[in-house]
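Report on the structure given below.
Computed from the coordinates by the stated procedures, all read-outs in this text should not be read as laboratory data. Because the structure is a prediction, the values reported are computed rather than measured. Using ideal geometry, Cβ is built from the backbone for each residue, glycine included, and neighbour counts are taken over all protein chains shown.
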Amino acid sequence: MPMLRTLAIAAAFVLAAGAANAQKIDAKGKCHDAKGHFAKMEVCKGGAAPKAADAGPYKLDAKGKCHDAKGRMAKKEMCAAKK
């Protein structure tokens with residue numbers, strides 16, 4: 001049993017090390033996944049897409065559509081809550 005536990009711990013370390021090195025940013029600042037394909041920058045920075053609360057102030061456009069600070073569409077409730 002102790003040997004099986006030791007092998008399991010060693011396998012966990014190997015998997016964790018492989019996952020940590022899966023994404024990288026090249027010399028030109030482009031993000032690549034583990035296979036070398038281009039990926040979104042969120043993948044390399046280790047985070048998911050920013051949450052709605054982190055996106056900043058919300059604004060209504062001329063048509064009454066809600067947008068975050070980066071211009072992306074947002075739920076109308078977010079604009080109403082920030083007034």
At what distance in nm do the modelled label points of GLU42 and ILE9 sit from each other, each positioned 7 Å from its Cα along Cα→Cβ?
3.7
Please enumerate, by chain and number, the lysines with C-alpha under 21 Å from the C-alpha of LYS75, excluding those fewer than 8 residues away in the same chain.
LYS51, LYS59, LYS63, LYS65, LYS83
Mind checking the full-extension length gain between LYS28 and LYS63? Use 0.36 nm per residue of separation minus the Cα-Cα distance, one decimal, nm.
8.7 nm
